[in-house]
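First the structure, in the form of structure tokens, and then the observations on it.
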């Protein structure tokens, strides 16, 4: 375990996928990353994938809210009080650690949210746990709020926080959207963007960073109508991979059966469990590497009535990509109280209610890692990312065989046409054609075009180019004028290579 | 002046384009906005437009860096010392104001960067300027740093700042990209994303916010080769609209002449002035509403040797969308010194140099406002946004004439096919068809499809739909199976309606 993880990190650093932020500065904080020319597009395309498959197909409203939110919001949301980790410091070297994570890794103990700090200290003492760094004795356990404060205004007296999760903006804009966007329950509001947390021990590369992207869906519904899901029949027979509380094996249970056997609170939960799992299948993550793990009662976040963690098996073990949380009316009630504004939904008969919320809060960076790891392939002659073309940082490489003799000009012309037609193309004329193929293979580019002497010469190959497919490495000759339509069809899967 | 501005704000609030963040909380800070379901996509598509037209066509490397950067970075960049505004407070009501802006609006005085605070105080006294709010007397003038601090780590002792401009990440990752990405000078590194400033008086809606998006290009070049621009001939005869220092009229000068007459430092400046102006023309901003205003020597930012502000004429007067700054080696030299690392470029003969930098630092939110204002059209019967289809929040509205009789099912099927083919489609079955057209017109949706009884009935119109074009309101009958290809061609401008 860890070997493939190391390979992915190496690839990321060497091929402009991602790297530590401010890395030229010796004391740059950890847990912050810059996505490079080949990583930023993958991350963006994962969000696009989610936007198409979940947001648009479910007719959700997608917003993009401010990242700085006032203190009142987090008072009402409960984050000021509850968004805390137990931490402990080493009396000798002064390092800080998550006390719960120490107990988890050293004593296989699970510490639930809200466990008193004294109890945690007792457990640390009982298991004789010392500083993992210098073996020094540990001090007291205290509660540490992970939110990052920011002070606004000329007197710096407007206390704000960077959002620790994307969802609060959704609850805050709910009422305006309900009133102006002609919605009908159930409906979703979605948002993708950064969240910020002062993680004590950022670790595992991008799996736990201090600045990260989330793509969140909050589905608002009438609690009396939790089973009112118009298109439930479309997923009824679809098998969801679940690891239930107290079970030690993954079961494949249809969405219909999850509801019938009352293993979930209602149809809306099973429906979105199915849709999200389908999305990852479509993305190219193998089915047998997925599970929805039902959280124990003491594992759930403070706002959740029912929670399932969607996990993917990786070289680092099972990794959580997102929870599905049934948040009830926790959020809207809290903000109604905090703001003094009425936040409500309305039935067709005019009666009002406080909508309940089902949440899918997906980690973008973690999804990116999973996609990289599961598409990484090694062959004798080459390594490549066997990636869904919709996620590839470059869709089409345009390569003149040589720079000279007008080959580069012709290639450049094709490149511009492809850009104008909306493709993510990449132009490169430097180095041997084999090396250029290899570099594009390594970042998962699905198609490459080569402009050679036959393209320019008289004969039946005039105005044609070689089109190469990444995974099969097969090549065929294609007229230049057919390229936009052909590539569009290949990329959308309408046509096979 | 201001009437159209008010209409745009109203449209933005009522049609889910954008609205004040945390608006349900009475004391939410100003200058923070949430983009709604019809605004978030426009903003995203403006960035996509830039990505296609500037980043990809100029073969730039696009990154997406962390928003939190350590203090050392801003020590080296000069922001800790220089990123300051002169502020003054009212002795009576306690309000704070930008002292330079007060002198600008009340006394038509221009205060240059670095003017001592005592001089500014003298000028305020001399012009007898009082509090614009309560008419109270003004106190001392002081310097106020606009950066927002954030403290990381378990002891909160790692001093960081939210980036006040997107460009620093570019300079910080320069060396890794230079070493790994096989670049040749001149080359650009680009980045789009949020920046954060503690503006004293956020104003004019999204024109000056505290959290805003920028799309930046930093072009790195060998200072000996400032005139080495491979494709300069493509813009040589293109006329750039400039308002030079000391002139009171806009002149149209070709990129070639700007260089020949030494009105710019070199070809690279004129080249990018041309490319950026072309981008806005292509976006749909009228040519006669644009100018590059050359900044006076005392108006330039502290790091700039030459600066032109690209301004667009709006209902609020001429508004700056971005500066083109010639930053010389200011940034790389500063970070080399600050980090102790060698940051350099290399010529083909192996000799090293410190690259110079030309910057285009474009405001995304301001561009969005300009696009909205310049596409807003009023007719007797309707208002609409006559917007470039590439910027429209929805590309295709899919509307069943009625929900019943299988019309909705058919429309839903078409909608899903369009989503699968990569289009930004929107499905709506509620209300009269006229009202649904009107709502889509108002958000600039370029094409709408109606599924009616003829779509389902036997006859020559079976399996066809009505396709309506927004601006002309013309309609025609189109077979369902031709839709993806036809719409793709219409949206890309390959075919006319």
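Read the figures in this text as sums done on the coordinates, not as results from a lab. These figures come from a predicted structure and were not determined experimentally. Cβ sites come from the backbone with ideal geometry, for glycine too, and all protein chains shown count toward neighbours.
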Once the Cα atoms of helix B:330-339 and of chain B are each reduced to a long axis, what angle between those two axes, in degrees from 0 to 90 to the nearest 10, is obtained? 70 degrees
Is there a simple number for the mean count of other chain Cβ atoms within 10 Å of the Cβ of residues in A:433-443, and what is it? 0
Viscosity 1.567 mPa s, temperature 4 °C: Stokes-Einstein D of the protein assembly as shown from its Kirkwood Cα radius, in µm² per second? 43 µm²/s
Förster radius 56 Å - calculated FRET efficiency between residue A:249 and residue B:349 (Cβ-Cβ, nearest 0.05): 0.25
How much of the DSSP bridge set in the range B:394-492 is antiparallel, in percent, rounded to the nearest 5? 55 percent
Likely footprinting exposure, A:453, B:344, fewest C-beta neighbours within 10 Å first: A:453, B:344
Inter-copy separations for residue B:463, label at 7 Å along Cα-Cβ, nm, ascending: 3.3
Crossing angle, helix A:364-375 versus chain A [Cα axis fit, 0-90 degrees, rounded to tens]: 50 degrees
Mean Cβ neighbour count within 10 Å, used as a protection proxy, ranking B:403-412, A:189-198 highest first: A:189-198, B:403-412
What full-extension length gain, to one decimal in nm, is calculated for residue A:82 and residue A:179 as 0.36 nm per residue of separation minus the Cα-Cα distance? 31.8 nm
Please average, across the residues of A:146-156, the number of beta carbons from any other chain that are within 10 Å of each residue's own beta carbon, and give a whole number. 6
Relative contact order of chain A, pairs being alpha-carbon contacts under 8 Å that are 6 or more residues apart, as %: 13 percent
Let me know the mean shielding of A:409-421 by other chains, meaning the per-residue number of their Cβ atoms within 10 Å of its Cβ. 2
Once the Cα atoms of helix B:40-50 and of chain B are each reduced to a long axis, what angle between those two axes, in degrees from 0 to 90 to the nearest 10, is obtained? 70 degrees
What is the antiparallel percent of DSSP beta bridges lying wholly in chain B, to the nearest 5? 85 percent
Computed from the beta carbon distance with a Förster radius of 60 Å, FRET efficiency for residue B:430 and residue B:159 to the nearest 0.05 stands at 0.70
On full extension of the chain, what length is gained from residue A:151 through residue A:233, given 0.36 nm per residue of separation minus the C-alpha to C-alpha distance? 24.5 nm
Can you put A:233, B:173 in order of Cβ neighbours within 10 angstrom, beginning with the fewest? A:233, B:173
Using the 10 angstrom Cβ neighbour count as an exposure proxy, how do B:457, B:53 rank, fewest first? B:457, B:53
Let me know the volume per residue of the alpha-carbon convex hull for the range B:394-492, in Å³. 87 Å³
Counting only DSSP beta bridges with both residues in the range B:84-145, what percent are antiparallel, rounded to the nearest 5? 100 percent
Given an 8 Å cut-off on Cα distances and at least 6 residues of separation, report the relative contact order of the range B:84-145 as a percent. 49 percent
Exam field: residue A:383 pseudo-label spacings to other copies (7 Å along Cα-Cβ), nanometres: 5.6
How far apart are the residue B:320 label points across copies, placing each 7 Å from Cα toward Cβ, in nm, shortest first? 4.5
